[in-house]
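These notes are about the structure you will find just below.
The values are calculated or read from the model by the stated rules, or taken from the named source; none is laboratory data. The model shown is predicted, which means the values in this text are computed figures rather than measured ones. Cβ sites come from the backbone with ideal geometry, for glycine too, and all protein chains shown count toward neighbours. The protein model used for the area step is the full one, side chains on, heavy atoms only, and it has no ligands, DNA or RNA in it. Shrake-Rupley method; radii C 1.70, N 1.55, O 1.52, S 1.80 Å.
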Amino acid sequence: MSKKRGLSLEEKREQMLQIFYESQDFFLLKELEKLGPKKAVISQSVKDVVQSLVDDDLVLKDKIGTSVYFWSLPSCAGNQLRNTRSKLKSDLSSSRTRFVELIEQRDNLKKGREESDEREVALEELKTVELQHNKLKEELACFVDNDPAAVEQMKVAIEVAHSAANRWTDNIFTLQQWCSTNFPQAKEQLEHLYKEVGITDDLEYLQ
């Protein structure tokens, strides 16, 4: 007969949250340690599990007199989700705005200047924005099952940023072609410059 598998940390968190949601009451830690085993969470791990929920703002705690009480309501999880979603939307908006600024800056730098310190800074900022963009996409994946309408709006915003990144990449390729056509004798210098500002052979469009 196979040994029963223990709960994962996330499963333990869900079970402990159920204790709060079902009772909508206040608990001392020792009370939670007694209730935990009823939800298949061993008493020795209750403290760490509850603390992780406190750290994520899913469980609240406060000291009253000499005792520390813990509590949580279903609305706490909803508020935490809404706050995180709002921050993601704000970050995406900032990312999209920065993409537009970089494109305008790039266009201005192309006029009569093949290389400059400003251009190098712009390329470095572009790389940073692309990394942030990818990170936001990963974080958004965690919210797919929570608020379909809001997530759908964020997906649209991501696609806008995604398209902007690819337009930026396309313009870099166009600029490279322009430099190669107009300055064929400076091929080695141009290749060296590209490497210095982070334009390598593996530069490609976002998928």
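Observations on the structure shown:
- Candidates 4, 47: the one that is basic (Lys, Arg) and modelled with pLDDT under 90 is 4.
- Test set (1) modelled with pLDDT of 70 or more; (2) outside any helix (DSSP H, G or I) - residue 114 fails condition number: (1)
- Residue that is modelled with the highest pLDDT, among those in segment 50-100 that are β-branched (Val, Ile, Thr) and in a helix (DSSP H, G or I): 50
- Where a residue in segment 30-47 is more than 20 Å from residue 66 (Cβ to Cβ) and open to solvent by 40 Å² or more (accessible area, probe 1.4 Å) and its partner, wherever it lies, is part of a helix (DSSP H, G or I) and among the aliphatic types (A, V, I, L, M), with Cβ under 7 Å and at least six apart: 35/19; 39/16; 39/19
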